[in-house]
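What follows is one structure encoded as structure tokens, with my remarks underneath.
The values are calculated or read from the model by the stated rules, or taken from the named source; none is laboratory data. Please read all numbers here as calculations on a predicted model, not as lab measurements. Don't worry about glycine lacking a Cβ; one is built from the backbone with ideal geometry, like all the others, and counts go over all protein chains shown.
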Amino acid sequence: MSRILVVDDELSMREVLEIYFSQEGHAVRTAADGLAGQALLDAEAFDLVVTDLRMPGAGGLEVLAHAQAHHPTVPVIIMTAFASTETALQAMKAGAYDYFTKPFKLDEISVVIAKALERRRLVTENLQLREALADRRRTGNLIGRSPAMQRVFELIHRIAPTRSNVLILGESGTGKELVARAVHEHSDRAAQPFLVINCAAIPENLLESELFGHKRGTFTGATADKVGLFRAADGGTLFLDEIGELPLTMQVKLLRVLQERKVKAVGDLREVAFDVRVIAATNRDLAAEVQAGSFREDLYYRLNVISLDLPALRERPTDIPLLAQHFLNKFAREFGKLELTEIDPEAMQCLLRHPFSGNVRELENVIERAVALGDGRRITPAALPPQLRDSPQAATPHGPAQGAPADAPPAFGPGYDLDAVLADLEQRLIVAALTETGGRKMEAARLLGISFRSLRYRLKKLDLQDDEG
């Protein structure tokens, strides 16, 4: 059952429409003027507004403007006895769903009402789908719509309820600590501590004390007992970042603690049991480190119960617009530049062709700089670092440079893959079109000179489908 608001200064018209719409199965409320209609619209939830154009005080255009400003998903139909092209155009330009003149046949208005309510239903469903999709694009503070990130999100949710140790692998700047936090926050340990230590940032002679604690007087400067991170994180999660930098002597001690599930502070004789989930991360190839003898094999397998590989940003370019907009919103709020809401299509192209060796962290820094330097409503190329504005596009696997002129001779050679080159070019053009149109697929298809159905097929073929239809 839909809820309809009828606004008309003629009592007879209000009564006729109320009776008719009620017989059609709708719940109806009426108002005798525009101001009363606006008040009802704010006080109650409606699916449709049917309002007279000319009324004493506030008229139908005022009701329409109020609905557009405060209830933009509610369609408004204008009625008037003063038929003219000018008033019809004025109402439609202002955002009215439809317009008809008195006198009218009830069966005619019934068709218009049904279409307007169907539009309202579709808009509402679309918003709900977008909200659900936004949830799927985010896990904790991680953001991504690409298939690679969706697989990461799925794995986080699958492993979070377990107690197994996790090893996160990935380049610097890919968000390994965010993944560790997400695993913790989706586990039954979420209310307990999440502690972090960077194994590369602490000297070896202090690292043992940081992890396991020490007794007062054990060494110079130990003026009080110290509880190490394993005991401080009891019941929660301990994140060992840059585990590949751990010295071999500390690897032996860490292995024993993980095996025994007991920790002994430096200078203490007693061991204390703990309950901590260990998540480790590294940008090194630990398997290769094991082969080279610089990382203990037994510790590697103790940590690597479950491994999670984070893709580099260059391996998921479809996430760049989403991440860039997220960082734009974040820094616009921080810097008080709320009018800065968009990224110029040319600036977005600069972002899309940059290799981002620093991954998401580098992208975040680039957007922070752009917001700090930017003004107006859009981030333009001028606000980006010179290396992004002037950066040639990265070379495609087994193909020519993506930034090369169309008539440049291709770099033929062993392993040249024409299908891969064409697929990459097709993907970049589609991403560029979607970026320029703000994700509106009908407009993107028009820009590309293809049908909407063809665009949807290509999105699915290239694994760019985002489930929005």
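General observations
- Within the range 363-374, considering residues that are surrounded by fewer than 18 Cβ atoms within 10 Å (Cβ to Cβ) and aliphatic (A, V, I, L, M), the one farthest from residue 179 (Cα to Cα): 373
- Elements of type helices (runs of 4 or more DSSP H) contained in the range 216-325, each with 3 or more residues being closer than 30 Å to residue 430 by Cα: none
- Residue within the range 145-155 that is at pLDDT below 95, assigned to a loop (DSSP other than H, G, I, E, B), in contact with a helix residue (DSSP H, G or I) (Cβ under 7 Å, 6 or more places away or on another chain) and within 28 Å of residue 255 (Cβ to Cβ) present: no
- Residue within the range 234-243 that is surrounded by fewer than 18 Cβ atoms within 10 Å (Cβ to Cβ), modelled with pLDDT of 90 or more, touching a helix residue (DSSP H, G or I) at 6+ places or on another chain (Cβ under 7 Å) and not β-branched (Val, Ile, Thr) present: no
- Condition met for residue 103 (in contact (Cβ under 8 Å) with a residue 40 or more places away in the chain, in a loop (DSSP other than H, G, I, E, B) and either at positive phi or surrounded by fewer than 18 Cβ atoms within 10 Å (Cβ to Cβ) (or both)): no
- Selection status of residue 218, free of Cβ contacts under 8 Å to residues at least 12 places away in the same chain and on the phi < 0 side of the Ramachandran plot: no
- Single residue of the range 309-362 satisfying the filter (within 24 Å of residue 147 (Cα to Cα) and acidic (Asp, Glu)) that is surrounded by the most Cβ atoms within 10 Å (Cβ to Cβ): 319
- Hey, residue 352 more than 20 Å from residue 178 (Cα to Cα), at pLDDT 95 or above and assigned to a helix (DSSP H, G or I) or not: no
- Of the helices (runs of 4 or more DSSP H) lying entirely inside the range 15-94, those carrying at least 3 residues that are in contact (Cβ under 8 Å) with a residue 12 or more places away in the chain and in contact with a strand residue (DSSP E or B) (Cβ under 8 Å, 6 or more places away or on another chain) are 34-43, 60-70.
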